[in-house]
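Let me begin by presenting the structure, written as structure tokens, before commenting on it.
Read the figures in this text as sums done on the coordinates, not as results from a lab. Every value quoted in this text rests on a predicted model; they were computed, and no experiment measured them. We place every Cβ from the backbone using ideal geometry, glycine too, and count neighbours over all the protein chains shown.
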Amino acid sequence: MIVIKYLILFLILVASTLIGRSLSKKYVYRLKELEEIKNSFNILKTKIKFTYEPIPELFQELENTKCRNVGNIFKLAKEKMENENISTAWENAIEESVTNLKKEDKEVLKSLGKLLGRTDVEGQMGQIETTESLLENQIKEALEEKLKNEKLYSRLGTTIGLAIVILLY
């Protein structure tokens with residue numbers, strides 16, 4: 001009976017530690033996704049400027065990024081472009097894709113869709129650069145949150161687990 005009690009207490013400690021670590025990883029994943037989106041925008045800007053490929057083809061090339069969540073945004077946007085205009089497809093893809101991005105991050109990304117595919121190359125380049133600068137602010141904020149909260153949530157999970165174990169012991 002005592003072995004079962006200790007086993008349950010150990011499992012509670014492990015579970016709370018894992019929950020704390022998974023919560024702390026969201027900050028890391030958000031930062032990685034924002035950086036990957038910024039890299040994708042650099043590629044998009046270069047492709048628009050030099051290749052003059054249609055937006056759906058560009059999005060298809062951007063589907064294969066290192067970060068699966070970012071690739072899914074471009075994939076979903078490309079699929080939605082068959083039935084919707086580029087702006088609406090982009091906004092819906094951002095809303096519907098599963099990411100670690102905050103609402104403010106999504107609003108910054110949605111601002112890109114306003115002129116994408118509607119203006120000449122220079123207008124699109126300007127809009128991408130504006131979005132990149134706004135995205136840079138979001139990256140700085142995500143880095144600050146990561147530095148502040150990553151260790152906090154990781155240690156908080158372990159501490160709460162220890163507290164529960166002590167109370168139940």
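Computed with the Debye formula from one identical point scatterer per Cα of the chain, without solvent, the log10 of I(q)/I(0) at q = 0.13 Å⁻¹ comes to -0.68.
Once the Cα atoms are used to define both axes, helix 121-168 deviates from the longest principal axis of the chain by about 10 degrees. Neighbours of K80, meaning other residues whose beta-carbon lies under 14 angstrom from its beta-carbon, give a summed charge of -4 when Lys and Arg score +1 and Asp and Glu score -1. Helical runs (DSSP H, four residues minimum) scored at -39500 (n - 2.57) apiece and divided by the length of the chain put the mean residue ellipticity at 222 nm at -28500 deg cm²/dmol.
Could you tell me which trypsin sites (Lys or Arg not before Pro) in segment 65-116 are loop residues by DSSP with no more than 11 other beta carbons within 10 angstrom of their beta carbon? Those that pass, being in a loop and sparsely packed, are K66.
Check segment 67-144 and count each lysine pair with an alpha-carbon distance under 17 angstrom, considering only pairs eight or more places apart or from different chains. Summing the qualifying lysine pairs gives 11.
Using the Cβ of G20 as centre and a radius below 12 Å, the other residues enclosed give a net charge of +4, where K and R count +1 and D and E count -1.
In whole angstrom, note down how far apart the Cα centers of segment 65-81 and segment 1-64 are. With segment 65-81 and segment 1-64 each reduced to a Cα centre, they are spaced 14 Å.
For a Förster distance of 41 Å, can you work out the FRET efficiency between the beta-carbons of M1 and E144, rounded to the nearest 0.05? Computed FRET efficiency for M1 and E144: 0.25. For segment 72-86, putting each phi into the Karplus relation 6.51 cos²θ - 1.76 cosθ + 1.60 with θ = phi - 60° gives couplings of 5, 4, 5, 5, 5, 5, 4, 5, 6, 5, 5, 10, 10, 6, 4 Hz, in residue order, rounded to whole numbers and with x for Gly and Pro.
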